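Undergrad: Dropping a structure here in structure tokens format, bear with me for questions.
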Number of protein chains: 2
Amino acid sequence: MQKLAIGIDVGGTNLRGGLISQSGEMLKRLSLPSEAGAGIEAVIGNLKSVISALKSGGVDIVGAGLGVPGIIDTQSGILTQAPNISSVKNYPLRAALERELGGEFPIFIENDATAAALGEWKFGAGAGFSSLIVITLGTGVGGGMVLGGRVWRGRDGMAGEIGHTTIHRYGARCNCGNFGCLESYASANAVRRMAGEIIENHSLNTSLREYLAGAPAERIPEIVAQAARLGDNSALWIWQEVGEALGIALANIANLLNIEAAIIGGGLSNASELFIDYARAVVKRRGLSAPVARLAILKSELGDDAGIIGAGALAFGEIR
Amino acid sequence: MQKLAIGIDVGGTNLRGGLISQSGEMLKRLSLPSEAGAGIEAVIGNLKSVISALKSGGVDIVGAGLGVPGIIDTQSGILTQAPNISSVKNYPLRAALERELGGEFPIFIENDATAAALGEWKFGAGAGFSSLIVITLGTGVGGGMVLGGRVWRGRDGMAGEIGHTTIHRYGARCNCGNFGCLESYASANAVRRMAGEIIENHSLNTSLREYLAGAPAERIPEIVAQAARLGDNSALWIWQEVGEALGIALANIANLLNIEAAIIGGGLSNASELFIDYARAVVKRRGLSAPVARLAILKSELGDDAGIIGAGALAFGEIR
């Protein structure tokens, strides 16, 4: 019987799970509300339901991996902090879940951005590289790293916060309190901020105002992408800002770490054709020639599934 | 007989060598002109002289380590590039030197910033940490890294170029061609640039103009430090700029890598009391709380000897 792993991406809104083969294919998928606002016990109940549903039908499960948005001590399986799950601090998530499941198979817990990096590294755009960063341009900006063939989590499991590196000393305010973070320029929130500033500038003649009239906030990045594809200058400028900021951050990574690849995922990567070449040009202009020549800048291959597949890969135990 | 290693810091101007004990003490030291302008054969001749002088007197030498300003393939011992040594490209430095010395003991070759990082890690301010960066604020800004107890050299031996990471998108021009690099704000060259701009601004009333009248360029940072200690506002502002730039770069490192320590060396660190607390405050203001709480920001303990001692440590073979 084929050995399979369960991978689950634990989001603040949904648990998205999959049955993953050893070659990284997702054979079955499932999504349930996570009910993170109701606290960790509710989340564990829902995790149990996802796992039960995925393992039904007599499959041979080697283990289950979870990508969790928070700070994880991967050795002990303790969830140190998780801003999106109500009142969690230093919670022994692995032990609790193994107990709930009767120790049927081992559980692996990883930070969600790191799980996505693992997915791309083992089965996606990062296959074959030994050092890379996966940058997720979503509502915010996340990052996960592999250095010298090993996951780099940092001393406290906090590494990869490329979204909160300053690229512009006097730049726009970030949610983290800092000014000029990458996230202030290259996230869905940043696209919304820039679109809002353009629309409110009534001396500016832009069709973006009509495109965005009455649009719900979550659809704004997608509409700004459509407007750019139709040639709206203000919309094109927004994606240029995204590309410039991403390019500065990538040049910094190339020069500091001299790694082999940067893989761009997250919701904004659906519009990557509007900014990725611009980012590449900025990297070339700002970075040193040898590390820049080395750095491949690629679009995510696994998209939203990277975190599920990477969490599954953890359970196959090839990753340290 | 005590086992000793030879460590040599290969500068563009001087070769500075030392006899290093297994506990990192320098028992003997020696400096000779490197004659790097005369080409690699001249440098090799001078390296041979330094090594001969250091090994004289019947000591037991386990090997010699060299810190070289350039790109090194540490596996093959090939000097890929070295801008400060005339017409060197892909030169088999280790093999050439071992041949010259008749294979008496092994030779180890490392990038000079990495050698300095090794020195601080094994025997200086970095002792006991398993992940750190050593940042050298000299004429330019260099960096060497240890991650998870291993030297991180990057894919092409180019890692550590923290001096050429952008902290200010619209910032001052850097020698590398980019704008707003750390090096444009926190190097001896940057202090000279800022002092020059202040002096040329004739509407500005500053005693810096008198302090610096007729001063040779290489003494300017030291004089600006003295002026700051005597309370000159323009001089204090320059060191605040140094501290702000360093602080942004350190916050970026904390957030991206979540490492344990950053050690500040190089000539400017002689004035560290004028900027290091300011840098610490900037890190706290700009970085995320957990990685910032983890990051110790320390002054170099080995100073100019870090590279020599680190090169010697290489020869003891404890380092990969």
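Undergrad: When only residues in the range B:291-307 that are farther than 22 Å from B:Gly11 by Cα and among the small types (Gly, Ala, Ser) count, which is most open to solvent (accessible area, probe 1.4 Å)?
TA: Result: B:Ala293.
Undergrad: Does any residue of the range B:245-261 turn out to be more than 18 Å from the chain's Cα centre (by Cα) and at pLDDT below 95?
TA: Within the range B:245-261, not a single residue is more than 18 Å from the chain's Cα centre (by Cα) and at pLDDT below 95.
Undergrad: Which of the residues belonging to the range B:97-119 are in contact with an Asp or Glu (Cβ under 7 Å, 6 or more places away or on another chain) and of a type in the set (Val, Ile, Thr)?
TA: Answer for the range B:97-119, where residues must be in contact with an Asp or Glu (Cβ under 7 Å, 6 or more places away or on another chain) and of a type in the set (Val, Ile, Thr): just B:Ile107.
Undergrad: Conditions: (1) more than 25 Å from B:Gly163 (Cβ to Cβ); (2) in contact with a Cys (Cβ under 7 Å, 6 or more places away or on another chain). A:Glu104 meets all but one. Number of the miss?
TA: (2)
Undergrad: Quick test of your reading of the structure: B:Ser86 fulfils all but one of (1) within 14 Å of another protein chain (Cβ to nearest Cβ); (2) open to solvent by 30 Å² or more (accessible area, probe 1.4 Å). Name the failing condition by number.
TA: For B:Ser86, the exception is condition (1).
Undergrad: If you go through the range A:273-285, how many residues are of a type in the set (D, E, K, R) and within 13 Å of chain B (Cβ to nearest Cβ)?
TA: Qualifying residue count for the region: 2.
Undergrad: Let me ask you something else. In the range A:134-154, how many residues are in contact with a Leu (Cβ under 9 Å, 6 or more places away or on another chain) and facing chain B (nearest Cβ under 9 Å)?
TA: 6
Undergrad: Restricting attention to the range A:175-214, which residues are of a type in the set (A, V, I, L, M, F, W, C), at pLDDT below 95 and either in contact with a Cys (Cβ under 9 Å, 6 or more places away or on another chain) or closer than 16 Å to B:Ala251 by Cβ (or both)?
TA: Within the range A:175-214, A:Cys176 is the sole residue that qualifies.
Undergrad: Give the number of residues within the range A:244-266 that are among the hydrophobic types (A, V, I, L, M, F, W, C) and closer than 13 Å to B:Asp156 by Cβ.
TA: Qualifying residue count, the range A:244-266: 3.
Undergrad: Something else: Considering only residues of the range B:14-45 that are among the small types (Gly, Ala, Ser) and crowded, with 18+ Cβ neighbours inside 10 Å, which is farthest from B:Leu314 (Cα to Cα)?
TA: For the range B:14-45, the residue satisfying everything is B:Ala36.
Undergrad: Being within 14 Å of chain B (Cβ to nearest Cβ), acidic (Asp, Glu) and without any contact (Cβ under 8 Å) to a residue 40 or more places away in the chain narrows it down to one residue among A:Glu197, A:Glu183, A:Glu244, A:Glu161; which is it?
TA: A:Glu161
Undergrad: Can we say A:Ala227 is within 21 Å of A:Ile276 (Cα to Cα) and either touching a residue at least 40 places away in the same chain (Cβ under 8 Å) or in contact with a Cys (Cβ under 8 Å, 6 or more places away or on another chain) (or both)?
TA: no
Undergrad: Further, regarding this structure: Please determine, by comparing only the residues of the range B:288-307 that are among the small types (Gly, Ala, Ser) and either within 17 Å of B:Ile263 (Cβ to Cβ) or within 24 Å of the chain's Cα centre (by Cα) (or both), which one is nearest to the other protein chains (Cβ to nearest Cβ).
TA: B:Ala296
Undergrad: What residue, of B:Ala215, B:Ala251, is in contact with a Lys or Arg (Cβ under 8 Å, 6 or more places away or on another chain) and either of a type in the set (A, V, I, L, M) or open to solvent by 50 Å² or more (accessible area, probe 1.4 Å) (or both)?
TA: B:Ala251
Undergrad: Open to solvent by 20 Å² or more (accessible area, probe 1.4 Å), touching a Gly at 6+ places or on another chain (Cβ under 7 Å) and within 28 Å of A:Gly157 (Cα to Cα): which single residue out of B:Glu183, B:Glu161 fits that description?
TA: Answer to the selection: B:Glu161.
Undergrad: Which of the following residues is within 30 Å of B:Ser289 (Cβ to Cβ), open to solvent by less than 30 Å² (accessible area, probe 1.4 Å) and touching a strand residue (DSSP E or B) at 6+ places or on another chain (Cβ under 7 Å): A:Gly67, A:Gly11?
TA: Going through A:Gly67, A:Gly11 in turn, the sole match is A:Gly67.
Undergrad: Regarding B:Gly143, is this residue open to solvent by 10 Å² or more (accessible area, probe 1.4 Å) and closer than 28 Å to A:Gly247 by Cβ?
TA: Here the answer is no, as B:Gly143 does not meet what is asked.
Undergrad: Against the condition open to solvent by less than 50 Å² (accessible area, probe 1.4 Å) and at pLDDT 95 or above, how does B:Ala117 come out, does it pass?
TA: yes
Listed here are the residues, each with its yes/no results for (1) in contact (Cβ under 8 Å) with a residue 60 or more places away in the chain; (2) more than 17 Å from B:Ala117 (Cα to Cα); (3) in contact with a His (Cβ under 9 Å, 6 or more places away or on another chain).
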site	(1), (2), (3)
B:Gly231	no, yes, no
B:Ser234	no, yes, no
B:Ile238	no, yes, no
B:Asn255	no, yes, yes
B:Ile259	yes, no, no
B:Ile263	yes, no, no
B:Ala271	no, yes, no
B:Asp277	no, yes, no
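Undergrad: Please state which of the following conditions A:Glu210 fails to meet, knowing it meets all the rest: (1) in a loop (DSSP other than H, G, I, E, B); (2) more than 30 Å from A:Asp73 (Cα to Cα).
TA: (1)
Undergrad: Is one or more of the residues making up the range B:256-272 within 13 Å of chain A (Cβ to nearest Cβ), assigned to a helix (DSSP H, G or I) and crowded, with 16+ Cβ neighbours inside 10 Å?
TA: yes
Undergrad: Just for the range B:164-176: of the residues that are farther than 20 Å from B:Arg286 by Cβ and more than 8 Å from every other protein chain (Cβ to nearest Cβ), which one is least open to solvent (accessible area, probe 1.4 Å)?
TA: Looking at the filtered set, the residue picked out is B:Cys174.
Undergrad: Here's something else I'd like to know. For the range B:98-107, check the following and say yes or no: at least one residue is in contact with a Phe, Trp or Tyr (Cβ under 6 Å, 6 or more places away or on another chain), in a strand (DSSP E or B) and either β-branched (Val, Ile, Thr) or modelled with pLDDT of 95 or more (or both).
TA: Looking through the range B:98-107, none of the residues is in contact with a Phe, Trp or Tyr (Cβ under 6 Å, 6 or more places away or on another chain), in a strand (DSSP E or B) and either β-branched (Val, Ile, Thr) or modelled with pLDDT of 95 or more (or both).
Undergrad: Quick one: is B:Arg94 within 24 Å of B:Val151 (Cβ to Cβ), assigned to a helix (DSSP H, G or I) and open to solvent by 40 Å² or more (accessible area, probe 1.4 Å)?
TA: Against the criterion (within 24 Å of B:Val151 (Cβ to Cβ), assigned to a helix (DSSP H, G or I) and open to solvent by 40 Å² or more (accessible area, probe 1.4 Å)), B:Arg94 qualifies.
The values are calculated or read from the model by the stated rules, or taken from the named source; none is laboratory data. All values reported here derive from a predicted model rather than from experimental measurement. Reconstructed Cβ throughout: ideal geometry from the backbone, glycine too, with neighbour counts over all protein chains shown. Keep in mind that these areas ignore ligands, DNA and RNA; they rest on the heavy atoms of the full protein, side chains included. Shrake-Rupley method; radii C 1.70, N 1.55, O 1.52, S 1.80 Å.
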